[in-house]
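The values are calculated or read from the model by the stated rules, or taken from the named source; none is laboratory data. Everything numeric here is computed off the predicted structure, so don't read it as measured data. Here Cβ is always computed from backbone atoms with ideal geometry, including for glycine, and neighbour counts include all displayed protein chains.
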Amino acid sequence: MKTLFSLSQQESIDFQNDFSDEFYHIFLFEGKGKIKVDFVEFAFEGKTVFFTSPFQNIQILPDHHISIQNLSFHGDFYCIEYHKKEVACNGLLFNNIYHFPHLNLNTKTYDEISEYFSKIKETDPAEEFSGAVLRSYLQLILAISSKEKSKLLPKTNLVQQDLAQLKTFQSLVETYYSREKSPAFYAGLLHISPNTLSKKIKAEFHKTPSQIIQERVILEAKKQIHLTRKSIKEIAAELHFEDEFYFSKYFKKYTGISPTKFREEGGISIVADL
């Protein structure tokens, strides 16, 4: 396995093609262009910080060449589930199927995060207590970013009726995703046509209802594989797949890796034994 924590200076050409691995990533860069996460496209402009979770498919496509700072960490180095009280980043910065995966930062905040990146670069990992120091810097970066992102979430241009329907859709997905994987089911509960649901969801989340349902299933599968010691067969049954083989095929189609390989590469979190 690669080192559990690293910081590297890379070029945008390194992320021109689809990229995926077993690490959490925090990318810091400045420019204008597009990012793609699991083939869903988002625009960025200006000073940007971008968060990805293990085995998400990533591309960074700026209009012009840019340099990118890439902070990578494994769940064995810093468990975001275990530290959820200190830094509410899980479900906000990482593992969120509804919110944008990046932030446009003002100069002050960008410089503050850049300073912690510099401190990480200057820290000798061979020194005593360096692990604790690096985790502290990482935690500060996550805390600052969580604070900034939380400020942006209430802002919306949706009319109140659309907002209510979208919130209801999210609530319905959270309730039924493991059993009901068809958008038509949710459209029926909302008393709108599947086409109307698709237009509203795509306008707000840049994804189709099918993608959101699929992402929610995969997110839960990843949680169960990483955060529990349940067998793949048990997880498949809980998510109402016909059998373990079909679940593995579904999971690999979305992530590019089998559930078994995902567990081998990502490991089982310390949360599984708490």
Across the stretch 250-270, which residue is surrounded by the most Cβ atoms within 10 Å (Cβ to Cβ) among those that are part of a loop (DSSP other than H, G, I, E, B) and without any contact (Cβ under 8 Å) to a residue 60 or more places away in the chain? Ile268
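Could you check the stretch 39-52 and list, in sequence order, the residues that are touching a Phe, Trp or Tyr at 6+ places or on another chain (Cβ under 8 Å) and surrounded by fewer than 21 Cβ atoms within 10 Å (Cβ to Cβ)?
Phe42, Lys47
Results for (1) under 18 Å from the mean Cα position of the chain (by Cα); (2) outside the structural domain of His74 (by TED's automatic domain parsing); (3) of a type in the set (Ser, Thr, Tyr), shown as yes or no for each residue.
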| site | (1), (2), (3) |
| --- | --- |
| Gln165 | no, yes, no |
| Pro194 | no, yes, no |
| Ser198 | no, yes, yes |
| Gln211 | yes, yes, no |
| Arg216 | yes, yes, no |
| Phe241 | no, yes, no |
| Phe247 | no, yes, no |
Using the structure shown, decide if Ser145 is in contact (Cβ under 8 Å) with a residue 40 or more places away in the chain, of a type in the set (Gly, Ala, Ser) and either assigned by TED's automatic domain parsing to the domain that holds Leu28 or assigned to a helix (DSSP H, G or I) (or both). yes
Does any residue in the stretch 91-112 that is more than 24 Å from Glu22 (Cβ to Cβ) come within less than 8 Å, Cβ to Cβ, of a residue that is among the hydroxyl-bearing types (Ser, Thr, Tyr) and surrounded by 15 or more Cβ atoms within 10 Å (Cβ to Cβ) six or more places away or on a different chain, and which pairs are these? Asn104/Thr48; Leu105/Thr48
Taking the stretch 232-268, which residues are among the small types (Gly, Ala, Ser) and farther than 15 Å from Arg179 by Cα? Ser248, Gly256, Ser258, Gly266, Gly267
Determine if the stretch 78-99 includes at least one residue that is in a loop (DSSP other than H, G, I, E, B), hydroxyl-bearing (Ser, Thr, Tyr) and under 16 Å from the mean Cα position of the chain (by Cα). yes
Those residues that are part of a helix (DSSP H, G or I), among the β-branched types (Val, Ile, Thr) and either in contact (Cβ under 8 Å) with a residue 40 or more places away in the chain or more than 19 Å from Lys36 (Cβ to Cβ) (or both), I need them from the stretch 175-231; list them, please. Thr175, Thr196, Ile212, Ile213, Val217, Ile225
Go through the stretch 170-197 residue by residue and tally those that are surrounded by fewer than 16 Cβ atoms within 10 Å (Cβ to Cβ), farther than 26 Å from Lys233 by Cβ and hydroxyl-bearing (Ser, Thr, Tyr). 3
Near pairs, Cβ below 8 angstrom, 6+ apart or cross-chain, from the stretch 1-24 (closer than 20 Å to Ile141 by Cα) to any residue that is assigned to a loop (DSSP other than H, G, I, E, B) and acidic (Asp, Glu): Leu4/Asp76
Test set (1) out of contact with any Ser or Thr (no Cβ under 8 Å at 6 or more places or on another chain); (2) closer than 19 Å to Ile97 by Cβ - Phe15 fails condition number: (2)
